[in-house]
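Enquirer: Got a structure here, written out as structure tokens. Questions coming.
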Amino acid sequence: MPKHIFVTGGVVSSLGKGLTASSLGRLLKMRGLRVTMQKLDPYINVDPGTMNPYEHGEVFVTDDGGETDLDLGHYERFIDENLTQSSNATTGSIYQSVLAAERRGDYLGKTVQVIPHITDEIKRRIHRISTDDVDVVITEVGGTVGDIEILPFLEAIRQFRKDAGRDNVCYIHVTLVPFIGPAGEQKTKPTQHSVTELRSRGIQPDIIVCRSEQPLSTELKRKISGLCDVDERAVVNAADVGNIYELPLILHDEGLDDVALDLLDISGPEPDTTAWESLVATVEAARTPVRIGLIGKYVQLPDAYLSVVESLKHAGFHHGADVEIDWIQAEDVDGLLAVDRLAQLDGLVIPGGFGARGFEGKIAAAGYARTEKLPCLGLCLGLHAMTVEFARNVAGLADANSTEFEPTTRHPVIDLMHDQREVTDKGGTMRLGAYYAVLEPETKVARAYDEPVVSERHRHRFEFNPAYQTRLTEAGLVCSGVSPDRRLVEFIEIAEHPFWVATQAHPEFKSRPDRPHPLFRDLIGAALARRAALAPFTAHAER
Ligand code: GLN
């Protein structure tokens, strides 16, 4: 039976619980343990797929088509395992299962209650991923201890230890130790209160991970240990780091994995940190500046594009480049073209999105990139914008559009997928999850992947309209990847351009820090080449 680690958070939200849990997962993997991870989210949406990115940040898509919390992206990037939709459960999905069971008559004659029915369903979700092929399951509970909606989850994980046995479960509580300026001191009181709150729910943490701006002193750790009744070596400090990929090494130096394994009675070798250390060294050595514009709708909230940003960084690590992102509001593109802001860029990403706002700006940016030979990668809605741009300005279909934004357009080069026309339910009605594509040899896309058949994750309703494929290819568009039945266009590019490539999929979900996604890698490669080629002129102009 696998061992279980539960991670809760206190004091404030956004403490980086997900990163802490992911880093621990990586450390356990470095010790040869088989690890899987899960997020329990206390909100009522059945999944985050129906939420606005401003509410929730990016929706992370799994191979099996789960629309999940963005923390699953951290989990996958750190533990380097592909997770499934079972790795994310929300209050909404738990109630949905319990209510369906109630209607089926599974509880006939009984009053259905939070305890035991909801808590049993939460435990069932945890057991569901506790398969024989894993040694340790790390479960992160979303939200903050003290929230009303978190209570059933705390009760379920409390019961879990009793069911599974003391040595099989460990509780980690992540808190904040703030620095209070006027007093000139780091304060432990919020941590004490948070632990008191957790205890009032019957959970005594075994390990406390303290987030802080500056490192904690030994005395302060001793104080927290005494006040919270946690072993001194189990008070672990996660002081702010320059880059998130340093975190596993810092937590290892703090002894987090040692303490956790002792508590779970697992013996094993020290972790082999060499590969991760060389990753961190690569990250630190990545200095060559490269400036990538990200043209989006939610640019005030970078979390909305978390995996895209991480993928750009991974690609930068590979090339020794420090990717600077210029966040560009899509509606502003026309004005920015006028003031030459796009001229400062070395490359461009047009990411996925929903809704008409900003679509014309994305088309304008795609056109600028095409004519100025600026490397440009389009993702999902980005492919739609680039197809419309090409149709209008190269293929001569002046009023081409996507029917998502102009249902009666004369040239619907992007259209609703056929099996989507009748759907009225907004949840999970998209083409979701991993699909194969067959690549056209000798194209930029095929050269990037260096594989004839690739699998990428999807999340969309609209797509390239095959009725226009001949017209657009005759005008010079290359369909560099199609579905195995050849009915759907999955990748497009143009030949006489350093890199003007788009995909219907979301490759950003599969990039890893030490294995950048080939399309992002080649975008950054092309951006660096352009920068190097233009440098003499810029230097000259500056002189
Ligand atoms: N809104 C578009 C569609 O539904 C694109 C979706 C996306 O970019 N993920 O097809």
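The values are calculated or read from the model by the stated rules, or taken from the named source; none is laboratory data. Please read all numbers here as calculations on a predicted model, not as lab measurements. Counting neighbours? That spans all protein chains shown, and the Cβs are built from the backbone with ideal geometry, glycine included. Just the protein is used for accessible areas: all its heavy atoms, side chains included, with ligands, DNA and RNA removed. Shrake-Rupley method; radii C 1.70, N 1.55, O 1.52, S 1.80 Å.
Enquirer: Highest mean first, how do 482-495, 29-42 rank when packing is the count of other Cβ atoms within 10 Å averaged over residues? Intermediate values should be presented prior to the final figure.
Expert: Working: 482-495: 18.2, 29-42: 21.9.
My ranking of the peptides, most packed first, is 29-42, 482-495.
Enquirer: Please work out the FRET efficiency for the pair E185 and E232, using the Cβ-Cβ distance as r and a Förster radius of 30 Å; give the result to the nearest 0.05.
Expert: Using R0 = 30 Å, I get an efficiency of 0.90.
Enquirer: Moving to a separate point now. Ordered by packing density, taken as the mean number of other Cβ atoms within 10 Å over each peptide's residues, highest first, how do 95-104, 405-414, 523-532 rank? Each step should come with its number before you reach the end.
Expert: Values: 95-104: 13.7, 405-414: 17.1, 523-532: 21.7.
Put in order of decreasing packing, that is 523-532, 405-414, 95-104.
Enquirer: Once you have a ≥ b ≥ c as the square roots of the Cα gyration tensor eigenvalues for the range 223-292, tell me rounded if a/c is under 1.5, and otherwise prolate or oblate according to whether a/b is larger than b/c.
Expert: The shape class here is oblate.
Enquirer: In nm, what is the difference between 0.36 nm times the number of residues separating Q300 and S86 and their Cα-Cα distance? Don't skip to the answer; put the middle values down first.
Expert: Numbers: separation 214, 0.36 × 214 = 77.04 nm, distance 3.08 nm.
Computed gain between Q300 and S86 is 74.0 nm.
Enquirer: How big is the gap, in Å, between the Cα center of the range 155-191 and the Cα center of the range 467-543?
Expert: 46 Å
Enquirer: Under the classification rounded if a/c is under 1.5, otherwise prolate if a/b is larger than b/c and oblate if not, where does the range 1-79 fall, given a ≥ b ≥ c as square roots of the Cα gyration tensor eigenvalues?
Expert: Because a/c hits 1.5 or more and a/b exceeds b/c, the range 1-79 counts as prolate.
Enquirer: Relative to the longest principal axis of the chain, what angle (0 to 90°, nearest 10) does the C-alpha long axis of helix 151-164 take?
Expert: 60 degrees
Enquirer: What percent do you get for the relative contact order of the chain when only Cα pairs under 8 Å and 6+ apart count?
Expert: 14 percent
Enquirer: Still on this structure, I have one more. Using only Cα atoms, tell me the angle between helix 381-393 and the longest principal axis of the chain; keep it within 0 to 90° and round to the nearest 10.
Expert: Between helix and principal axis, roughly 10 degrees.
Enquirer: Still on this structure: Could you sort H117, H127 by their accessible area in this structure, using a 1.4 Å probe and putting the largest first?
Expert: H127, H117
Enquirer: Report the one residue of P178, T503, Q214 whose Cα lies farthest in the direction of the positive end of the charge dipole of the chain (charges on C-beta: Lys and Arg +1, Asp and Glu -1; origin at the Cα centre).
Expert: Farthest along the dipole direction, towards plus: P178.
Enquirer: Let me ask something additional. How large is the accessible surface of F179 in square angstrom, using a 1.4 angstrom probe and rounding to the nearest 10?
Expert: 110 Å²
Enquirer: Can I ask one more? Could you pull out every residue, at least 5 positions away or on a different chain, whose amide H is within less than 5 Å of the one on V169? Hs are placed 1.01 Å off N in the peptide plane, and Pro or chain starts have none.
Expert: Answer set, sorted by chain and number: H4.
Enquirer: Express as a percent, rounded to the nearest 5, the fraction of DSSP beta bridges in the chain (both residues included) that run antiparallel.
Expert: Just about 35 percent of them are antiparallel.
Enquirer: Okay, moving on. Report, to the nearest whole %, how much of the accessible area of the chain belongs to carbon and sulfur atoms, 1.4 Å probe, protein only. Could you put the intermediate results ahead of the total?
Expert: On the way: 11260 of 22560 Å².
Exposed carbon and sulfur together represent 50 percent of the surface.
Enquirer: Using a simple charge model, +1 on the beta-carbon of Lys and Arg, -1 on the beta-carbon of Asp and Glu, nothing else, what dipole does the range 1-46 show about its Cα centre, in debye to the nearest 20? Spell out each step's value before the answer.
Expert: Working: 7 positive and 1 negative charges, 61 e Å.
Here the size comes out at about 300 debye.
Enquirer: If I model a spin label at D258 and E474 as a point 7 Å from the Cα along the Cα→Cβ vector, what separation in nanometres do I get?
Expert: Reported label-point gap for D258 and E474 is 7.2 nm.
Enquirer: In whole Hz, what ³J(HN,Hα) sequence does the range 220-228 give by Karplus (6.51, -1.76, 1.60; θ = phi - 60°), x for Gly and Pro?
Expert: So the J values, rounded to whole Hz, are 5, 4, 4, 4, 5, 4, x, 6, 9.
Enquirer: With θ set to phi - 60° and the Karplus curve 6.51 cos²θ - 1.76 cosθ + 1.60, what are the ³J(HN,Hα) couplings of the range 283-288 in order, to the nearest whole Hz, using x for Gly and Pro?
Expert: 4, 5, 7, 6, 10, 4
Enquirer: What do you get for the angle between helix 306-319 and the principal long axis of the chain? Use alpha-carbon atoms, 0 to 90 degrees, nearest ten.
Expert: 80 degrees
Enquirer: Please report the spacing between the Cα centers of the range 192-244 and the range 79-126 in Å, no decimals.
Expert: Cα centroid to Cα centroid, the span is 32 Å.
Enquirer: Would you list D167, D69, D334 from the most to the least accessible area, probe 1.4 Å?
Expert: D334, D167, D69
Enquirer: Where the centre of each part is set by its Cα atoms, how far does the range 440-463 sit from the range 329-359, in angstrom?
Expert: Result: 24 Å between the Cα centres.
Enquirer: Give me log10 I(q)/I(0) at q = 0.06, 0.07 Å⁻¹ for the chain, Debye formula, one equal scatterer per alpha-carbon, no solvent.
Expert: Normalising to I(0) and taking log10 leaves -0.33, -0.44.
Enquirer: Another one. Give, as a single signed number, the net charge of other residues whose beta carbon lies under 10 Å from the beta carbon of L342, with Lys and Arg counted +1 and Asp and Glu -1.
Expert: -2
Enquirer: State, to one decimal in nm, how far the label point of R124 lies from the label point of M417, with both points 7 Å from Cα in the Cβ direction.
Expert: Simple spin-label model gives 2.9 nm for this pair.
Enquirer: Using modelled backbone amide H atoms (1.01 Å from N, in-plane), which distant-in-sequence or interchain residues come within less than 5 Å of A238's amide H?
Expert: C210, R211, S212
Enquirer: Among A535, T91, V309, pick out the residue whose Cα is farthest towards the positive end of the charge dipole of the chain, where Lys and Arg carry +1 and Asp and Glu carry -1 on C-beta, about the Cα centre.
Expert: Going by the Cα projections, it comes out as T91.
Enquirer: Would you please state which residues of the range 289-307 a label at R341 would reach in this model, taking the label point 7 Å out along Cα→Cβ and a backbone N cut-off of under 19 Å?
Expert: 290-305, by backbone N distance to the label point.
Enquirer: What nm value, rounded to one decimal, do you get for the distance between Y107 and A275 when each label is placed 7 Å out toward the C-beta?
Expert: Result for the modelled spin labels: 4.5 nm.
Enquirer: Can you tell me the dipole magnitude for the chain around its Cα centre, using point charges on the Cβ only (Lys, Arg +1; Asp, Glu -1), in Debye to the nearest 20?
Expert: My answer is approximately 460 debye.
Enquirer: Another question about this same structure. Pick out, from M37, G49, G73, the residue whose Cα sits farthest towards the positive end of the charge dipole of the range 28-148, with +1 on the Cβ of Lys and Arg and -1 on the Cβ of Asp and Glu.
Expert: About the Cα centre, the residue reaching furthest to the positive side is M37.
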